Amino acid sequence: MRRWIMHVDMDAFYASVEQRDNPEYRGRPVIVGGLSSRGVVATASYEARKLGVHSAMSIVKAKELCPDGIYLRPRFAVYHAISEQVHEIMHRYTPYIEPLSLDEAFLDVTGLHGQFTGPYALGKAIKDDIWKATGLIASVGVAPNKYLAKLASDIKKPNGLVVIPYGQEAQFVAPLPVKRLWGVGRHMEKRLQAAGFYTIGQLAALPHEGALKSIVGNQAKRLYDMARGIDERPVEYERQIHSIGNELTYEHDLEDSEVIDREWYYFAHKVAKRLRQHNLKGRTIAIKVRFNDFETISRQKRIEIATDSEETLYRVGMMLYNKLNINKPIRLLGLTVSDFAETWGQTSLFEEETSQEDLAKAVDGLEAKFGEGIVMKGALWERANQQKREEENHNETI
Ligand code: TTP
Ligand code: MG
């Protein structure tokens, strides 16, 4: 089967998020970065780029070029939440995802576009899903390999969607300048130009890589292959996750049953949310309790139907806990879900469960947009107003 690789990259990511959340910034030059006199630009909206502002430029320089710009500090928590939301969408299509940064990933979509009318329709579908879920635009490239997919997503930015078909690899890259080869920086570009190579096609026309050795050393083969549109690197996807859990060591030991009850609800919420982000449902629910004398107990239960629901995690967690008949102060609590079932394309048989799932997804979406805790059940709200906790441990075992 022919391999197809997709590259997804959000447009002017941080700046677009700020424009999404502050409509008055739309259509205006927005610069996100460190605002001190030594700060640098993290990114600039396309309106600001027209004036010459770009990533890594000093803020002082940016202000010279764009005195009327809107200068903002980054809100990393929001960008992280959106990144997770985008990954969740990608996981609906394939588990073979290699994230490169918060706003960029490769996907191995081999065999997938059979479900669509071709690679273009597949790229359009992901782009639309990302737009619907986040209100943000991703540029997408689909091609026979990683190098070409990344090039394709970049070449028509912003709002690009480009497919490089099989058979057109070399032809597509031939007219481009040599700096478009992955890994060719300014230094190597100069050396190639000094040797008479300006376009990628000129490199591809060489009979073999040998002639490049004296110019680029051990990069010769890699560049010669890329110049002909060849790149065999696989998508290095994240290894399979086998369990997801959270545990917490408390600053002050817990004794109050109401507080402990609320903690279980907190764990259920946290773990359920992370399960949904990974598109996973688990059948085994385990709790861990450590006392102030360091004695540690674990209990687990296997349920019939795999779940990602906080209500179920809470109920089972509480049931396991109540059976322990505890009478000592507690130092640590934890909840873990494992034994995952495939959830791709599965729909719930029970209407009630579906509406619960829809509700959970809606809450996840709101949290991604406005930050964790925007929609909270009473118990979590109360908890959020308590003192800060210590040493949260966010586990993903593989
Ligand atoms: P990029 O994808 O390189 O840039 P971008 O998304 O802002 O714009 P586009 O893809 O449309 O060209 O980087 C993603 C985010 O990473 C960017 O929004 C801000 C951050 N970033 C930095 O903080 N410093 C940097 O030097 C770069 C390049 C990016
Ligand atoms: Mg980007």
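The values are calculated or read from the model by the stated rules, or taken from the named source; none is laboratory data. Predicted model, so just to flag it, every value in this text is computed and none were measured. Every residue, glycine as well, gets a Cβ built from its backbone with ideal geometry; the counts of neighbours run over all protein chains shown. What goes into the accessible areas is simple: the full protein's heavy atoms, side chains included, and nothing from ligands, DNA or RNA. Shrake-Rupley method; radii C 1.70, N 1.55, O 1.52, S 1.80 Å.
Take the Cα of D21, step 7 Å toward its Cβ, do the same at R2, and the gap between the two points is 4.2 nm. Exposure check, 1.4 Å probe, all protein chains in place: S58 carries approximately 50 Å² of accessible surface. Give me the distance in nm between label points sitting 7 Å out from Cα along the Cα-to-Cβ direction at K63 and R186, one decimal. Taking the simple label geometry, K63 and R186 are separated by 2.4 nm.
Leaving ligands and nucleic acids out of the surface, order W182, W4, W131, W264 by accessible area at 1.4 Å, largest first.
Highest to lowest solvent-accessible surface, that is W131, W182, W4, W264.
Centroid-to-centroid, using Cα positions, region 196-222 and region 239-263 are 57 Å apart. Ignoring ligands, DNA and RNA, what percent of the 1.4 Å accessible area of the chain is carbon and sulfur? With neighbouring chains kept in place, the figure for the chain is 51 percent. Summarising the label geometry, the points placed 7 Å from Cα in the beta-carbon direction at A121 and Q300 lie 4.3 nm from one another. The dipole here belongs to region 1-166: it is taken about the Cα centre, uses +1 on the Cβ of Lys and Arg and -1 on the Cβ of Asp and Glu, and is about 300 debye. Dipole of region 107-217 (Lys/Arg Cβ +1, Asp/Glu Cβ -1, origin at the Cα centre): which of A211, G185, I130 lies farthest to the positive side? Positive-end residue among those listed: G185.
Counting Lys and Arg as +1 and Asp and Glu as -1, each charge on the Cβ, what is the dipole of the chain about the Cα centre in debye, to the nearest 20? Computed charge dipole of the chain: roughly 1760 debye. Of K50, K273, K146, the residue with the greatest mean-square motion in the GNM of the chain, using alpha carbon springs below 10 Å, is K50. Each of the peptides 93-102, 149-158 was scored by the mean count of other Cβ atoms within 10 Å over its residues; in descending order, highest first, they stand as 149-158, 93-102.
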